[in-house]
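Here the structure comes first, spelled out in structure tokens, and everything after it is commentary.
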Amino acid sequence: MIVVAAAITAVTAIAALEALAAAGANPCAVDERGSEALMAAAYRGHVAVARWILDHANCDVNHRTGAGQTALMMASLFGREEVVGLLLERGADPGIVDLDGNTASSLAKNQRLFGLVEKVRFTLL
């Protein structure tokens, strides 16, 4: 049942994105902190939404907030392994450092998400 609910949620989210984009909304627009929809998808682990944004909008996969954080950092911090993989495939830079000195790898390490640490670190090599 949970898988079906997740699939319905993803389909609904994609339909909403398509309707908003058709109405002229910009998926790459930023809020007052500099966050954009890709970061929200990364934070929440919505891989289908992140994929749609990367496929249909001209958003910078390495966009940084005012604090220097990226979607890859958000996905790493919250253990969103599928989103991390997608972002890395699409060119996310794991070497970016935020204003506090954090990287995607260090954020994952601080959360004891060692599988993600290795995934991000392997990309750096």
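The values are calculated or read from the model by the stated rules, or taken from the named source; none is laboratory data. The model shown is predicted, which means the values in this text are computed figures rather than measured ones.
Worth pointing out:
- Among the residues of the stretch 50-72, just one is within 14 Å of residue 104 (Cα to Cα) and of a type in the set (D, E, K, R), namely 64.
- The set of residues in the stretch 45-89 that are over 25 Å from residue 99 (Cα atoms), within 11 Å of the chain's Cα centre (by Cα) and not in a helix (DSSP H, G or I) contains only 46.
- Checked against (1) modelled with pLDDT of 95 or more; (2) part of a loop (DSSP other than H, G, I, E, B), residue 31 meets all criteria but (1).
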